[in-house]
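To start, the structure itself, in structure tokens.
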Amino acid sequence: MMVIGQILAMWLIVGWTITWFVRDEKRRYEAVLNAKAMRFAKAPHYRYSEPEEPQIFGL
């Protein structure tokens, strides 16, 4: 009976560790994605600007 309890405890620890790892990786991915979105939203390079009038023959 003691061996079954130890095996069950090991599998609970393994399952908890895998769950913790997956959740942590998901949070890290979302944080990186959020940082990229904020940069895209605030960086002047990505902002829309009005198109310039085309110059005809340099006039």
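Every number in this text was worked out from the coordinates using simple rules, so none of it is lab data. Predicted, not measured: the structure shown is a model, and the values here were computed from it. Note that each Cβ is placed from the backbone with ideal geometry, even for glycine, and that neighbours are counted across all protein chains shown.
Mind checking the dipole of the chain: about its Cα centre, +1 per Lys or Arg Cβ, -1 per Asp or Glu Cβ, Debye to the nearest 20? Don't skip to the end; give the middle numbers.
Working: 8 positive and 6 negative charges, 68 e Å.
With Lys and Arg at +1 and Asp and Glu at -1, about 320 debye.
Going by alpha carbons, how many degrees (0 to 90, nearest 10) lie between the helix axis of 2-42 and the longest principal axis of the chain?
10 degrees
Once you place label points 7 Å from the Cα toward the Cβ at Ile18 and Gln6, how far apart are they in nm?
2.2 nm
What is the P(r) of the range 2-44, as percent of Cα-Cα pairs per 10 Å bin from 0?
26, 25, 19, 15, 10, 5, 1
Find which of Gln55, Asn34, Gln6 sits farthest along the positive direction of the dipole of the chain, computed with +1 on the beta-carbon of Lys and Arg, -1 on that of Asp and Glu, about the Cα centre.
Farthest along the dipole direction, towards plus: Gln6.
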